[in-house]
Amino acid sequence: QVQLVESGGGLVQAGGSLRLSCAASGNIFRINVMGWHRQAPGKQRELVATITSTGSTNYADSMKGRFTISGDNAKNTVYLEMSSLKPEDTAVYYCNAKVIPIGLPIREYDYWGQGTQVTVSS
């Protein structure tokens, strides 16, 4: 069907940077939106940022100025550049895509990756 695979997570010191990647593959007709959510231990999953196929971006207020989302339509890939990382950013980061797939009734479907761990040490 459609799969999303995240990469780039790891351990970083406070103030450091990481770049996450998410590649979508499978029976894709069109991807309308890709984005990132995160979930810290004991907390609900929250929106980080999204980007449309035309390049329009949306960020959670707390991420503005530190995180940057970008995409490569030709590769069905989205990136999240994170800087000035804080221990509070420690979470599992999940890729999300709103996809019109091949082989299913024509409408938009949500797909999620398995997540990649980001740990920021103090």
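The values are calculated or read from the model by the stated rules, or taken from the named source; none is laboratory data. Keep in mind that this is a model prediction, so the values were computed, not measured. Reconstructed Cβ throughout: ideal geometry from the backbone, glycine too, with neighbour counts over all protein chains shown. Surface areas here come from the heavy atoms of the whole protein model, side chains and all, with no ligands, DNA or RNA. Shrake-Rupley method; radii C 1.70, N 1.55, O 1.52, S 1.80 Å.
Below are the figures for this structure:
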{"read-out": "The chain: most fluctuating residue of V48, V78, V12 per GNM, C-alpha cutoff 10 Å", "value": "V12"}
{"read-out": "Dipole moment magnitude, nearest 20 debye, the range 1-66 about Cα centre, only Lys, Arg, Asp, Glu C-beta charged", "value": "60 debye"}
{"read-out": "Lysines with Cα under 25 Å of K64, excluding same-chain neighbours fewer than 8 positions away", "value": "K43, K86, K98"}
{"read-out": "Among G35, G55, G65: highest mean-square fluctuation, GNM of the chain, C-alpha pairs under 10 Å", "value": "G65"}
{"read-out": "Average accessible surface area per residue within the chain, 1.4 Å rolling probe, Å²", "value": "53 Å²"}
{"read-out": "Pairwise FRET efficiency - I102 versus K43, Cβ, R0 = 25 Å, nearest 0.05", "value": "0.10"}
{"read-out": "Accessible carbon and sulfur surface of the chain relative to its total accessible area, %, 1.4 Å", "value": "48 percent"}
